[in-house]
């Protein structure tokens with residue numbers, strides 16, 4: 001089988017989507033050695049997998065075009081050229097003209113553009129509003145990253161349940177429990193911060209609900225319970241100026257809340273391991289990998305109980321409503337005061353995180369594509385039989 | 001985090017009971033997981049004055065054993081002795097591997113395993129059981145913070161029978177002995193010796209598990225008669241491997257009445273290794289049971305790569321993941337039909353074998369232990385979250401303040 005993959009999210013400084021594709025793409029040739037894989041992009045990508053059957057196709061025509069437009073326009077031509085059997089749209093956009101007979105698999109991460117449009121960057125919102133619905137309609141198979149997203153698809157867009165499958169992301173090998181003290185010292189030395197800190201990870205954008213964290217820090221400080229700063233790792237995204245205004249208004253200093261910018265992959269395990277607690281107050285997530293990675297590193301997680309977080313984290317984290325800074329602050333203090341609670345949450349987290357495994361997910365995804373391929377072949381065979389009659 | 005475990009079932013006398021097998025395997029895996037992940041947990045067990053299991057019991061830095069003189073007296077241990085002894089350890093959690101043994105103390109949250117609600121569900125098929133055990137199980141179900149059971153089906157049963165909240169019941173699937181039950185071909189010499197001793201000729205159709213009414217062996221014998229009517233040329237035997245149990249008189253009389261009684265062989269109880277050898281030599285395995293909590297025999301058969309057909313009642317389709325051929329256990333007709341169907345279709349047998357192997361590989365004691373540990377951790381965490389010291393926080397309305405005071409008072413009262 002020849003499988004084409006939209007590899008544009010594999011750029012440098014990957015975020016959630018890029019990591020999802022990378023995690024699966026790395027394992028595809030190993031799990032399904034009989035398939036040919038074509039990774040398409042219009043820019044350079046950081047593909048960490050190689051092999052005879054792995055083809056990296058950088059197509060620079062229409063270089064001036066934004067990626068989504070490029071895919072819409074060029075995707076069909078490329079699919080025809082490489083005689084694909086299946087096309088995996090890793091971002092919910094399909095090429096305008098996919099040749100007939102090519103199986104269309106579309107991954108839908110979340111329905112932010114439908115449910116929380118105000119938190120999305122304008123361009124991404126526009127692109128998804130125009131094309132995502134169409135892609136979801138045309139897809140032969142929709143892959144979501146959580147059951148919550150699948151439910152949303154059924155409820156909000158009326159997609160038939162039989163078309164949707166859920167393939168969870170995994171946790172990369174590097175997220176293992178490190179010695180917390182050494183890890184904290186490494187981070188402290190490298191970034192010039194205190195070796196005692198609370199951690200948060202996420203692009204600085206409204207959906208990640210960082211304003212709640214500012215509020216948490218303010219509450220803790222006003223009670224004299226702020227023992228260590230809050231460090232936020234993540235690139236500056238969009239619509240973030242109200243957040244910085246809020247920090248100024250609350251008169252918080254760099255020693256109390258600090259933004260470290262994008263952290264490279266190799267530092268993240270140390271960043272998680274060294275933290276006193278990991279906070280994740282997001283308003284909406286398709287899956288929410290950072291808290292799972294933090295759990296794998298043995299750090300206690302306090303997360304929001306918004307969509308999909310209860311499904312993904314289960315009872316292995318403390319879940320609080322994303323609009324209550326008080327409850328978050330409360331949980332931080334509880335964790336600090338109660339050793340047993342800390343150990344229990346930690347143990348539950350480590351065990352829960354083990355459930356998410358790239359190997360199993362890659363197998364599952366290939367199995368789905370395979371099944372779809374077989375059933376569509378059967379259909380064409382019977383159609384041919386019918387026409388010859 | 002200290003976890004105290006009722007280790008009465010590790011005593012030599014209970015070595016072969018299901019609970020002992022469950023506790024021993026699960027505990028060993030729990031300790032191994034704690035070691036590999038260096039979790040902050042500590043397991044405490046209790047040993048009576050005459051017991052010897054600590055010599056061949058688990059060895060691990062996460063495992064502590066305490067002497068308990070009252071463990072020698074089973075009744076006293078069950079009725080509060082354990083609670084007293086446990087209190088001195090100051091555990092954060094108490095684990096009872098069976099719901100029949102100890103009144104939980106209010107000193108720590110209790111997690112109890114209740115395998116199934118079979119005695120309450122189908123008393124006519126398993127005998128009434130003692131009132132004491134019923135009372136104990138009921139009490140345990142009511143008092144435990146969390147209850148562990150072994151399939152979604154059992155969970156539903158427990159919720160209905162004991163009126164529990166769904167959130168209080170967790171499912172952890174069991175594991176099986178992979179050293180014995182695996183797809184490796186059987187040892188030729190051992191097979192010949194065993195089959196010769198039991199008077200079995202190949203090919204044979206196997207049922208393993210206790211010969212009792214609940215296992216529906218009587219209808220299996222009738223289905224076997226129908227099968228023979230249809231395929232006289234297939235010179236095979238029906239082997240019933242397992243000890244005899246409740247209602248065996250009826251089963252044995254049906255066997256006597258059968259025209260094929262010479263082809264029906266009762267082996268009696270067999271040790272695990274021999275059972276595994278028998279399974280690996282079987283042509284087909286039939287699981288006609290009327291009611292099960294997990295049905296380990298079915299998983300073992302699947303793990304040995306024997307084509308398996310099973311009844312569609314209770315947990316069977318759930319545990320086998322819907323990959324087998326199923327029949328209505330109350331219909332002799334259907335059971336015979338399914339057996340004939342599988343007998344006639346060799347492709348189907350092959351695919352049954354493969355799908356069974358794949359599904360069985362999903363179960364292991366390690367998985368069971370991991371899920372159990374998660375339940376432990378979540379229970380302790382849930383318990384640790386209740387007393388909220390809200391006075392540390394500012395900015396709250398008077399109502400909230402009052403509630404906080406009330407909560408704190410409640411917490412004290414409960415403690």
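The values are calculated or read from the model by the stated rules, or taken from the named source; none is laboratory data. Note that the structure is a prediction, hence the values are computed from the model and not measured. As a convention, Cβ positions derive from the backbone with ideal geometry for all residues, glycine included, and neighbour counts pool all protein chains shown.
Before moving on, here are some points about what is shown:
- Residue B:93 farther than 20 Å from residue B:214 by Cβ, more than 14 Å from every other protein chain (Cβ to nearest Cβ) and touching a strand residue (DSSP E or B) at 6+ places or on another chain (Cβ under 7 Å): no
- Of the residues making up segment B:373-388, those that are out of contact with any strand residue (DSSP E or B) (no Cβ under 7 Å at 6 or more places or on another chain) and either at pLDDT 80 or above or more than 7 Å from chain A (Cβ to nearest Cβ) (or both) are B:373, B:374, B:377, B:378, B:381, B:382, B:383, B:386, B:387.
- Looking only at residues in segment B:21-61 that are surrounded by 15 or more Cβ atoms within 10 Å (Cβ to Cβ) and at pLDDT below 85, the one that is nearest to the other protein chains (Cβ to nearest Cβ) is B:58.
- Of everything in segment A:205-224 that is within 14 Å of chain B (Cβ to nearest Cβ) and assigned to a helix (DSSP H, G or I), the residue that is nearest to residue A:121 (Cα to Cα) is A:215.
- Any hit, segment A:225-247, residues being within 20 Å of residue A:192 (Cβ to Cβ) and within 14 Å of chain B (Cβ to nearest Cβ): yes
- Qualifying residue in segment B:231-244 (condition: assigned to a loop (DSSP other than H, G, I, E, B), buried (at least 17 other Cβ atoms within 10 Å of the Cβ), within 32 Å of the chain's Cα centre (by Cα) and assigned by TED's automatic domain parsing to the domain that holds residue B:340): yes
- Scope segment A:127-158; condition surrounded by 14 or more Cβ atoms within 10 Å (Cβ to Cβ), touching a strand residue (DSSP E or B) at 6+ places or on another chain (Cβ under 9 Å), within 27 Å of residue A:99 (Cβ to Cβ) and free of Cβ contacts under 8 Å to residues at least 60 places away in the same chain; matching residues: A:132, A:135, A:136, A:139, A:142, A:153
- Hits in segment B:277-293 (condition: out of contact with any strand residue (DSSP E or B) (no Cβ under 8 Å at 6 or more places or on another chain) and either buried (at least 24 other Cβ atoms within 10 Å of the Cβ) or assigned to a strand (DSSP E or B) (or both)): B:292
Every residue, every condition in (1) part of a helix (DSSP H, G or I); (2) surrounded by fewer than 16 Cβ atoms within 10 Å (Cβ to Cβ); (3) assigned by TED's automatic domain parsing to the domain that holds residue A:369; (4) touching a helix residue (DSSP H, G or I) at 6+ places or on another chain (Cβ under 9 Å), yes or no:
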{"site": "A:13", "(1), (2), (3), (4)": "no, yes, yes, no"}
{"site": "A:20", "(1), (2), (3), (4)": "yes, no, yes, yes"}
{"site": "A:30", "(1), (2), (3), (4)": "yes, yes, yes, yes"}
{"site": "A:46", "(1), (2), (3), (4)": "no, yes, yes, yes"}
{"site": "A:51", "(1), (2), (3), (4)": "no, yes, yes, yes"}
{"site": "A:56", "(1), (2), (3), (4)": "no, no, yes, no"}
{"site": "A:63", "(1), (2), (3), (4)": "no, yes, yes, yes"}
{"site": "A:68", "(1), (2), (3), (4)": "yes, no, yes, yes"}
{"site": "A:72", "(1), (2), (3), (4)": "yes, no, yes, yes"}
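- Considering residues of segment A:102-120 that are in a loop (DSSP other than H, G, I, E, B) and at pLDDT 80 or above only, the residue farthest from residue A:239 (Cα to Cα): A:102
- Residue B:326 passes every criterion in (1) crowded, with 22+ Cβ neighbours inside 10 Å; (2) more than 28 Å from residue B:30 (Cα to Cα) apart from (1).
- Only one of the listed residues (B:90, B:64, B:73) is more than 19 Å from residue B:111 (Cβ to Cβ) and either exposed (fewer than 15 other Cβ atoms within 10 Å of the Cβ) or in contact with a helix residue (DSSP H, G or I) (Cβ under 8 Å, 6 or more places away or on another chain) (or both). That residue is B:73.
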